[in-house]
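The structure under discussion appears below in the form of structure tokens.
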Amino acid sequence: MTVTAPPYREHPAQAVPPGRILRYSFRERVVHWLAALSYIYCLLTGLAFWSPWLFWLAIALGGGQISRMLHPWIGLIFIAGVLQMYGLWARQMGITDDDRAWFRSMRYYIRNEDDKMPPVGRYNAGQKLLFWGFFVCGILLFLSGLVLWFPEYIPWSLRWLRYTAILIHASSALLTIGLFLIHVYMGVFAERGAFDSVIYGDVTEDFAKRFHPAWYKELFGSAPRRK
Amino acid sequence: MSQETLRIQKISAHAGAVPGEGTQREFQVCKLIDTTTCIGCKACEVACMEWNDLPFGQTVFDNTYQTMPDTRWNYWNLIRFNEHETEDGTLMWLMRKDQCMHCADPGCLAACPSDGAIVQYTNGIVDFQQANCIGCGYCITGCPFNIPKFNSETKRVYKCTLCADRVSEGLEPACIKSCPTGCLHFGSKDDMKYLAETRAKQLRDHYNFPKAGVYDPPGVGGTGVIYVLHDVTEPENYGGLPKDPHIPLTVKLWKGPLKWLGNLAMVGGLIGLFVHYLRFGPKSRDEEFETKREGEQP
Amino acid sequence: MNPSRRDFLKYTAVGGTAAAVFGFDLQPAYAQLRTLKIARASETRSTCPYCAVGCGTIIYTIGDRAKNVTAQVVHVEGDPDHPTNRGTLCPKGSSLQQEIMNDRRLLKPQVRRPGATDWQDISWDDALNEIAARVKKTRDDTFIEKDAAGHTVNRLESLAWIGGCTDTNEFNYLVVKAMHALGVVHLENQARV
Amino acid sequence: MTNGWVDMKNTDMMLIMGGNPAENHPCGFKWPIEAKRTRGAKIISVDPRFTRTSAVADLFCQIRAGSDIAFLGGVIRYAIENNRIAKDYLVNFTNAAFIVRPGFQLPGDTDGVFSGFDAKTQSYDRSTWNYAGTGGGGGDSSPHPPGGTSPAAPKLPEKVEFDLSLQNPNCVFQLLRKHYSRYTPEMVERITGIPKEQFLKAADLYTSIRKDGDMKKASTIIYAVGWTQHSFGTQIIRTAAILQLVLGNVGRAGGGVNALRGHSNIQGATDMAGLFDSLPGYLKVPTPADTSFDAWIKRITPTPSKPAPWDSFNYSSNTPKFAVSYLKALYGDAATKQNGWAFDYLPKVDRNYSWVQMWDDMYNGTVKGMLAFGMNGVAIGPNSKKNIDALKKADFLVVGEIYPDETSEFWKSPGITTDEMKQIQTTVYRLPCAGFAEKDGSFTNSARWLLWKNTALPTPGDARLDQAIVAQIFLKIRELYKKEGGKFPDPVLNLTWNYSNPSSPPLAEVLKEVNGKALADLEDPATKQQIKAGQQLPGFAWLKDDGTTSCGNWIYSGSFTEAGNQTARRDPSDPSGLGVHPGWGWSWPANRRVLYNRASCDVDGKPWDPSRKQVWWNEGQQKWVGNDVPDFKVDSKPKDHMGPFIMNPEGVGRIFAPLSAFADGPFPEHYEPIESPIDNPFHPQQTHNPVVKRFKTPDDKYGTPKDGYTVVCTTYRLTELYHYWTKNNPMNVQLVPEPFVEISVEMANEMGFTGGEKIKVSSIRGDYIAKAMVTKRIKPLMIDGKKVYPIGLPIHQGYRGIAEDEGKDARTLANLLTPTVVDPNAYTPEFKGFLVKVEKV
């Protein structure tokens, strides 16, 4: 199937192979992987600190001391990524009535009955949830992480800060892990093409039509024909 | 397996059973600190510094005889001085030797995420093994007595070892040996409890301290350091000795329910996703959405 | 080469495994690691030089007193046999190691000449010769054989000896002996103050 | 100390006053704590501030520095008024029953002085201070003759009149009662600032051990330089001794009057006569009036003075043996009977050459050279500025030290400019000496135990052993006299110096010389025991006055016998459990651990308290036996009534100190410190100790309240630091990094500063700058109706030390503040209780 390349509005500078649509700009992809890789590092080292059964992870990643030293620094990179994403995508992540409808019909999405879903724009409601989940948890992780980074500077009289921080850090990390698992599952296994899109930046037209019809319409001015 | 390994009954962040647990008949050792005969001479502070070869630090005069406001990574033993006026206006100069309490149920060990960084020997000594310490400082959070202190150069945490090196060779801790008045005493926990109760009774019956008693807080399972206080109902007067110390609630939540919930959720999530894949598979099974590049075989 | 999704996952997995297999010891040591620093040091029984309780001390020095070792103190601790202190030491006695091994110790004779604004080094021989000559000159110049009433007094009022608090009995005896022989009457000690 | 450190565990009651043993003698303080723990003993702490000792005391009284005699006199009064006295002890073991001559007058009867005062010379004619009685031999009971007591001075009567009922109005007991009847609780409150109720609590508690005269219990008095460092220091200690005699506590386990000496071997230095006014073993120095050896001996050897039916050992009658043996030790063969045992070689002393006088003499040009070994005279003061000014005038100063100190660097002390420095013509030699661990030798602790220490390591760098330096200087001087001759070279040339290594005498050999040896074969006629010539003597009982023995210090005889070095003995056992430890080291005299221990028994020789048996009369063996060495003539039957205080010619304890024993009175009377906020409430026209003299150089100034000096200041040590020594020790500097002044909350509030602020304390002599420690442990006192602020400051900093060199210190010496005035008996300066003012910096 060959599709003539549509006029490309957003990123005229980036060449896209014929028949494909640019979904993620270079900057978006860099930011995504910055956040993703730093998150994975933090996840692995964090899991090592979380459970004795996973402490081998820290050793595999260079030892407990290195892990402890790098975890907060890499965490800063992660937070920087999250903030960048906020700058890039926050406006696109507004929850709309369609999104609320999407949530209501999520069971169809789970059953892969995507045609029963309300029209989806560039991001579906699940992705928006992921975004906001990571954003809020990221801020919480950052704040509690600061306290945990320098516990020796927290005076004894403010020790409640440390007590709160450990709980918040662990809880928000757990939330992000849930989001992360679904995200990776969706991106790598469930939605073929999604993983490539965040590597190369482009998707096939069919991908756009199928998963993000409203976005396709926005790009090409008409709703995609159902197959 | 060396004897030294068997002499460990608890290991921080350790997966699986602890080799020494229940394998030794060693009795629990204990320091008794009789604050009613402490003269605040600081011999214990110096003996600690000297025995452990700790480097000297800077101090500043702070309107007190107390050497510094708190213990430091290189100052494990600090006498806290407090001028206290009783209700009848009698002035008391309370002095309390502050150091690691060697809790039976140590909050530091519970909080520690690094395998083998904090251990509890079978004689009850809680010891930090800096070789295994990752410097996260969770022990600082776990301790209800504000004892572990962080060295920002070495990124390790340090505290009183109860002179584990001496005790394991059959000697008493350095501070105990130095104490001029004998307000510090060392022996088995049972013997120290007996001595402490006897002294407290003498204080109540003969020296007009009706509230004298022994501080051995049950909230942390009892401690390897116990105090005789003039007034056991108000330990806070002795430089903030907590009345009923516990491992902080959030540390318990974090290490307890949250851990199990979290583990369950993570494992459950993984299983759930896998089952989803088996049941529903990918949203599209064909390769149409996958990128085909030049040179690649379809 | 263009990496595919599968390659990406493959590399990641291999990298992690490699890190775990090579170069890192997965097993922390679980043992009592601290060792007794005085286990084989030499012990010398001494007495604390500070107050008059006279606490017994044990000075631990490196080496086994073999000829090729210069003893240096590694630790000082109370003598548990001593009836008075029974092993205890006060904060001064406990820090005696720092008193013995102290980088502020004087290590060479020095002299400050009249009008000088600083010290200069002097050899032991020169220092002792000069001091002896000065003492003798002072004595010869000012020795009093008889007082105004004609009584023999044989005293030297122009030289003073002040002795310290840590002088041993034997040293005090030698000093008193030598000073009395010179006729020194301004003979005082920390004992007075 | 009459008793010992460990012996304190036997006590039932402690009065700790003029001392702060928890601070300054922590390891000895374990025994008072032990008494608390095991016997339920109580501690009364009386101090100008609430100290570390007070922190573990059962009762604390805040006293104004320098009012101790008023407090103790009040306790004596309380004991007598409430029949808390040891009647039998008092009658038989003290001079309470002795009758005093009718001419004697108490200060209460006059204008605040005892009879015989001459206002012009500020001294006493002490002839009325004597017992009534008949006869009178030679011998002067005075421990301090520099007053120049002539051989014609009055003597004690041989047969003293007495009244065992203690009713005679002129008997010592009645005079004592009369004298202290003025020391009412109200008067005590006016003078000391201790509220009457609090004082009565203390007096009641302390004397409670003698309730209704029951003798079982014992109490002890523990003191230190808080008592000695006053212009009436000796008399404070006398008051304590009197109180202990009245309570029957002297000679008993857990009793006594216990001086805690502040340095490792100042007891030994005193025993060895490191002070101008004695010879080793407390032999009295010869005066110019002692024209021959025999005249000297006649003057210093007392004869008994006692009630006729009683016996007196008068052990000092052996003085000739001690003196001859000492001179034989010094001059060997050059000391012969013909030349009066080289008596002429001894310098003769008829004036005060003591510490403060010495600096005055240097200031005035008499003293031209000084050898200071381990003695930081500038920092020690008093009036450090005067000492610095004096050193500027000296020709040379030799300092033997292990650290750079204030004295060796007086010429660059703060405030001296480079130009001024260039004007200072003093040559200073600074010789590196050995630390304690690098030397062997013996120390004598406060309990009179001689303890040998061993050499642990060599001296660092070019440092030399102290004894080697002194020996080398002396041998060089002797060499010069041999070569060139000079003034009276005989004592220098003839001094014995027979050590195996003359230029670094092994200290064990020196101790052997001190112990003494036989110079000819000796035999004890009673036991037929023989000692060959050259052998070490077993003890001072073997000393002879015919030149056949030599002994460097008779009280140390027995310390290094043929059996070896007794001071190095290490048998820790204590068979009696009383803390005697007879096999540990060696105690003078004759290894006795508790002095006057015969007084632990009643007249019949039975212990007052059978559970604390020290010595007792064994009827079967017909001798005194016990757990300690009896401090007594062992075969003196109780019925002979020999007094237990065998060193006194009376044989009994002196409540009344007759004749020249003390310069300022036979009974202690309260006088104000030389700088005092009030006039003496007893006798405002005689505020100060009448015999105390002031120095007169421009540096000697004395402040008054009129000049604005109204705050009572006292100086002291901290447990964390040791004198001017540990400021070189990083560990101890960390404990107390900066100098501070302890000030009451009330005073700080009134003056408007808070803890940690720098303040300036000024006396008329100088300024001291340190940070304020605002504390509840010092409170303002009401003294004679006036509110008086006491303050206190630790002495440990100077201008050379770790913190000082880092510039963390104002580099002022505490002793810039202290006055040049001394106790007339012991010549100890008045470091306690002087006047200052306090300002913000």
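No value in this document is a laboratory result; all are computed from the given coordinates. No experiment lies behind these values; they were computed from the predicted model shown. When we count neighbours, we look across all protein chains shown, and the Cβ atoms used for this are built from the backbone with ideal geometry, even at glycine.
Averaging the Cα positions of each part gives two centres, and for region A:174-214 and region D:530-578 these lie 102 Å apart.
Compute the angle between helix B:189-206 and the longest alpha-carbon principal axis of chain B, please, reported from 0 to 90 degrees and rounded to the nearest 10. Once rounded, the angle reads 40 degrees. The HN-Hα couplings worked out from phi for region B:129-134 by the Karplus form 6.51 cos²θ - 1.76 cosθ + 1.60 (θ = phi - 60°) are 10, 4, 4, 9, 6, 9 Hz, whole numbers, x standing for Gly and Pro. Pairing the Cα long axis of helix A:125-149 with the longest principal axis of chain A, what angle in degrees results, from 0 to 90 and rounded to the nearest 10? That helix lies at roughly 20 degrees to the long axis. Here the peptides B:67-74, B:155-162, B:276-283, D:640-647 are ranked by packing, the mean other Cβ count within 10 Å, and the order with the highest first is B:155-162, D:640-647, B:67-74, B:276-283. The alpha-carbon positions of chain B define a convex hull whose volume is 229 Å³ per residue.
Candidate membrane-span-like segments in chain D, meaning DSSP H helices with Cα atoms spread over at least 15 Å of their own axis and a Kyte-Doolittle mean of -1.0 or above, are D:68-81, D:196-207, D:233-246, D:319-331, D:466-484, with no membrane implied. Computed over neighbours whose Cβ is under 12 Å from that of D:T38, the net charge equals +4, Lys and Arg +1, Asp and Glu -1.
Relative contact order for region B:3-247: 26 percent, from Cα pairs under 8 Å spaced at least 6 residues apart, divided by residue count.
Within region D:498-600, the trypsin sites (Lys or Arg not before Pro) that combine a DSSP coil assignment with at most 10 other C-beta atoms in a 10 angstrom radius are D:K528. Where the centroid of each part is defined by its Cα atoms, how far is region D:451-481 from region C:59-128 in Å? Cα centroid of region D:451-481 versus Cα centroid of region C:59-128: 15 Å apart. Here the Karplus curve 6.51 cos²θ - 1.76 cosθ + 1.60, taken at θ = phi - 60°, turns the phi angles of region A:204-215 into couplings of 6, 4, 5, 4, 5, 5, 6, 9, 9, x, 5, 5 Hz, with x standing for Gly and Pro.
Peptide D:835-841 has a mean shielding of 0, counted as Cβ atoms of other protein chains within 10 Å of each residue's Cβ. Hey, which of these cross-link pairs are over 29 Å Cα-Cα: B:K42/B:K189; B:K31/D:K42; D:K42/D:K623; C:K136/D:K392? Where the Cα-Cα span goes over 29 Å, the pairs concerned are D:K42/D:K623. Remark on D:N618: its backbone amide H falls under 5 Å from those of D:K623, D:W624, D:V625, a criterion applied only to residues 5 or more positions apart or on other chains, H modelled at 1.01 Å from N. As a proxy for reagent exposure, ranking D:L543, A:L70, D:L659 by other Cβ atoms within 10 Å from fewest up yields A:L70, D:L659, D:L543.
Relative contact order for chain A: 24 percent, from Cα pairs under 8 Å spaced at least 6 residues apart, divided by residue count. For the peptide D:439-448, the mean number of other protein chain Cβ atoms found within 10 angstrom of a residue's Cβ is 6. Near D:E523: Cβ cut-off under 15 Å, other residues only, Lys/Arg at +1 and Asp/Glu at -1. The net charge is 0. Per-residue Cβ neighbour counts within 10 Å put A:L167, B:L203 in the sequence A:L167, B:L203, beginning with the fewest.
Tally Lys/Arg at +1 and Asp/Glu at -1 over every other residue whose Cβ is under 14 Å from the Cβ of D:N339; what's the total? After counting each charged neighbour, the total is -2. Could you please state, rounded to a whole Å, how far the C-alpha centre of region A:12-71 is from the C-alpha centre of region D:390-429? That distance is 71 Å. Ellipticity at 222 nm from helices only: DSSP H runs of n ≥ 4 in the protein assembly as shown, each -39500 (n - 2.57), divided by the residue count, give -9000 deg cm²/dmol.
The amide H of D:G441, built 1.01 Å from its N in the peptide plane, has D:K453 as neighbours under 5 Å, considering only residues 5 or more places off or on other chains.
Cross-linked pairs D:K306/D:K693; B:K159/B:K252; B:K201/D:K201; D:K201/D:K787; C:K108/D:K760; B:K97/B:K259: Cα-Cα separations exceed 27 Å for D:K306/D:K693; C:K108/D:K760; B:K97/B:K259. When you count the other C-beta atoms within 10 angstrom of each residue and take the mean per peptide, D:399-410, D:97-108 line up highest first as D:399-410, D:97-108.
Counting Cβ atoms of other protein chains within 10 Å of each Cβ in B:113-125 and taking the mean gives 4.
GNM remark for chain B: springs join alpha carbons under 10 Å apart, and the peak mean-square fluctuation among B:T223, B:T64, B:T90 falls on B:T90. Out of all DSSP beta bridges in the protein assembly as shown, what portion is antiparallel? Express it as a percent rounded to 5. Among the beta bridges of the protein assembly as shown, antiparallel pairing accounts for roughly 65 percent. The string of couplings for region D:639-645 from the Karplus curve (6.51, -1.76, 1.60, θ = phi - 60°) is 5, 6, 6, 7, x, x, 9 Hz, one whole number per residue in order, with x for Gly and Pro.
By DSSP, the beta bridges lying fully in chain D are antiparallel in about 55 percent of cases. Taking chain A as a Gaussian network of alpha-carbon nodes connected by springs under 10 Å, the highest mean-square fluctuation of the residues A:I168, A:I154, A:I79 belongs to A:I154. Residues whose amide H falls under 5 Å from that of D:I791, counting only those 5 or more places apart or on a different chain, are D:V712, D:C713, D:T714, with hydrogens built in the peptide plane. Each of D:S305, D:S500 has some number of other Cβ atoms within 10 Å of its Cβ, and from fewest to most they run D:S500, D:S305. Projecting label points 7 angstrom from Cα along Cα→Cβ for D:K840 and D:Q621 puts them 7.3 nm apart.
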